[in-house]
1. Can you work out ³J(HN,Hα) from phi for every residue in the range 41-46, in order, using Karplus 6.51 cos²θ - 1.76 cosθ + 1.60 and θ = phi - 60°, giving whole Hz and x for Gly and Pro?
2. Obtain the radius of gyration and the Kirkwood radius of the range 2-43 from its C-alpha atoms and give Rg over Rh.
Amino acid sequence: MFVRHLPPTFGTSPATAHRRCTVWTEAGLWRRLHRAVPDELGARGKVDWTSAIVDAASVRAKRGDR
């Protein structure tokens, strides 16, 4: 996880950052953000929807479906 790379100015220990990120992940925060931010930016006309990139880290690949 990225918490080992946080600068000291972030203001929290790596253990605290890891614990908080774990809680946020379990609560579904990242999934909600990944939906809400593009929706909000799109509503403001700040996103160019003519192209997109899908990453396997965000979208699960279906097994055996080609």
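1. Rounded to whole hertz, the list is 5, x, 5, 8, x, 9.
2. On the way: Rg = 13.1 Å, Rh = 11.7 Å.
Radius of gyration relative to Kirkwood radius: 1.12.
Readers should treat all values here as calculations from the given coordinates under stated rules, not as data from a laboratory. Because the structure is predicted, anything quoted here is derived from the model rather than measured.
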